[in-house]
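Laboratory data are not the source of any read-out in this text; all were calculated from the coordinates shown. All figures in this text were calculated on a predicted structure; none of them were measured in a lab. Neighbour counts are summed over all protein chains in view; Cβ atoms, including those assigned to glycine, are modelled from backbone coordinates with ideal geometry.
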Amino acid sequence: MAVAQSNEYNDRLKKLSDLRDDGKNPYVGKYERTHMSQDALALAEKDGTRDVEEILEKPSEKLIKLCGRLMTFREHGKLAFANLQDFSGKIQICFMQNLIGERYSFLKKLDIADFVGVEGELFKTKHGETTLLVHDFVLLSKALRPLPEKWHGLQDQEQKYRQRYLDTVMDRTVLDRFVFRSGLIKALREFYWEKGFTEIETPILENISSGASARPFVTHHNALDIDVYLRIAAGELWQKMAIVGGFEKTFEVARCFRNEGMDPSHLQEFTMVEHYAAYWNFEDNMAFTEKMFEYLLQKSLGTLKVNVKDRDGQDVEVDFKGPWPRRKFTEMIEQDSGIDVLNYVDDAKGLLKAIKAKKIVLEKAETLGYGNLVDALYKKVSRPKLVQPTFVTHHPLLTKPLARKNDENPTICDTFQLLVNGWEVVNAYSELVDPIDQRARFEAQSKAKAGGDEEAMMMNEEYLTAMEHGMPCMSGWGMGIDRLVTLLTGQENLKDSVLFPLMRPSNE
């Protein structure tokens, strides 16, 4: 991003040049610290500190070394105070001309945002603030641009997304949000390992886009001279083929891509986790989900109650203590719209007419096949009302091309979604393992795609061949990591939980 050069930029550039002219390296290769800032503060509380006069009279031989970014700097004659920030937090440091002598004049070469290494002894100011009295210091990296002076007052959310590195430097709560995300994914993996799952990796580039109803990104593979697709799911068909090959419990944390619209609850590049367990059904997976969330929330938050932002931006308490209520998908839609979607199976035009008769407006409804039309209706009339954790079960057969038919009612599938605050967090079902039925479903999807439904699935002969070699009964499950982090940290937009979200080039 092009940024106009200010007088301050030129002043810093001049300091950089002067340092090099003096034979000093403004970008050193390494610095060995002994403590992080918060470790140093804890050390002072544990062991106590000496008075400044005592330190000046007899400096300690056991000095500690800190390093980080200068966040503030204020000089008072022969005394200067600064705040040094590292990954763990901040600590105040103090430069005294009486202690560092001629090196005190070098402070004129320092600016806020520079990285420095400091060595010294801890003391407490007359205000009781633990501070490092600097005995020696070194400039580690010269910053040519200043930090924002009033970052907390900025209303330009786009700038925060574009320059996230400034957002995390200036606002500790933002940095902590991404530390939380990292810890949550770690806890997720630990839970899987404890339950006997094996983490595997599946392709990002695919010959056939599969595993979900979504519009894929297309790119060209030059070496093979073929078009390929970026995956839209975390290896659903691949994981099921791995189970054909002898695995029984698999999972993958994966980056996925969908070339669709952007809104606060959808991104084109996102992170999912999917798992598959042989010999389970969707009921087993619901019980597993409740246990997983209890583990994740207790591990990462220490509570099962979380404040989230509702559709109006208001705080709402969500209680994840199970068991969660279960509501049937078709019954909920009929209650909220007056339309029984099962009366229109294989009749997308009839369903569309009924939707219009109810004066319900759906975007691009005329281009959707039956399955995606039902899904769009649900998202319009029912999903926004689900705030507390709720299992939505038994979706229509044609909305789930990879799910197992219900034994008692073949027009629906053994499926569930976990809804929280109007967002779909988990999508899962008993897997279809009948290759004859699966072929018929793929053919129906191909017909819908030929009719203009860009999100319909493609025929996948390789997957069908694997199924024909024998696939055990199983249940599969997928969850959006970005959505979960956004919910648990009280954000309203998925971009607030993605460290570097994709943005349109700023020159456009």
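A few remarks follow.
- With all pairs of separate Cα atoms included, segment 167-497 yields a Kirkwood hydrodynamic radius of 20.6 Å.
- In degrees, nearest ten, helix 435-450 long axis to first principal axis of the chain (Cα): 80 degrees
- Packing rank of 482-493, 29-40, 325-336, where each peptide gets the mean count of other beta carbons within 10 Å, highest leading: 482-493, 325-336, 29-40
- His135 long-range amide H proximity, modeled H, under 5 Å: Glu119, Gly120, Glu121
- Listed pairs Lys65/Lys124; Lys299/Lys321; Lys108/Lys160; Lys385/Lys495; Lys195/Lys299; Lys328/Lys349 exceeding 19 Å between Cα atoms: Lys108/Lys160; Lys385/Lys495; Lys328/Lys349
- Inter-site label distance for Arg145 and Leu502 at 7 Å from Cα along Cβ, in nm: 2.3 nm
- Formal net charge of residues neighbouring Leu56 (Cβ-Cβ distance under 13 Å; K, R +1; D, E -1): -2
- Fraction of antiparallel bridges per DSSP, the chain only, in percent to nearest 5: 90 percent
- Volume of the convex hull of segment 7-147 (Cα atoms only), normalised per residue: 118 Å³.
- Positive end of the dipole of the chain (Cβ unit charges, origin at the Cα centre): among Ala80, Cys413, Tyr378, the Cα lying farthest that way belongs to Ala80.
- Under the Karplus curve 6.51 cos²θ - 1.76 cosθ + 1.60, θ = phi - 60°, whole-Hz ³J(HN,Hα) for segment 278-284, x wherever Gly or Pro sits: 5, 6, 9, 10, 5, 5, 4
- For the listed peptides 90-100, 273-283, a ranking on the average number of other beta carbons within 10 Å per residue, highest first, reads 273-283, 90-100.
- Label zone of Glu454 (point 7 Å out along Cα→Cβ, amide N under 13 Å): in segment 215-233 this covers 215-218.
- Reach of Lys58 by Cα under 19 Å, taken over aspartates and glutamates that are not fewer than 8 positions away in the same chain: Asp47, Glu119, Glu121, Asp136
- Set of aspartates and glutamates near Lys15 by C-alpha distance (under 17 Å), chain-local residues within fewer than 8 positions excluded: Asp111, Asp114
- Residue-wise HN-Hα coupling along segment 455-468, computed from phi with Karplus coefficients 6.51, -1.76, 1.60 (Hz; x: Gly, Pro): 8, 5, 7, 9, 5, 10, 5, 4, 5, 4, 4, 4, 4, 5
- The long axis of helix 37-47 is offset from the longest Cα principal axis of the chain by roughly 60 degrees.
- Annotation: aspartates and glutamates with alpha-carbon distance below 15 angstrom to Lys240 (same-chain offsets under eight excluded): Glu199, Glu201, Glu248, Glu252, Glu274, Glu431, Asp434, Glu461, Glu462, Glu468.
- Segment 81-99 and segment 220-270 have Cα centres lying 47 Å from one another.
- In this label model, Lys291 and Lys321 are separated by 2.1 nm, measuring between points 7 Å along each Cα→Cβ vector.
- Unit charges at the beta carbon, dipole of segment 7-147: most positive-side option, Leu140, Phe123, Cys94: Leu140
- Under-5 Å amide H pairs with Gly422, H placed in peptide plane, nonlocal only: Leu386, Val387
- Spin-label pair Ser182-Glu366: with each label point 7 Å from Cα along the Cα-Cβ axis, the two points sit 5.1 nm from one another.
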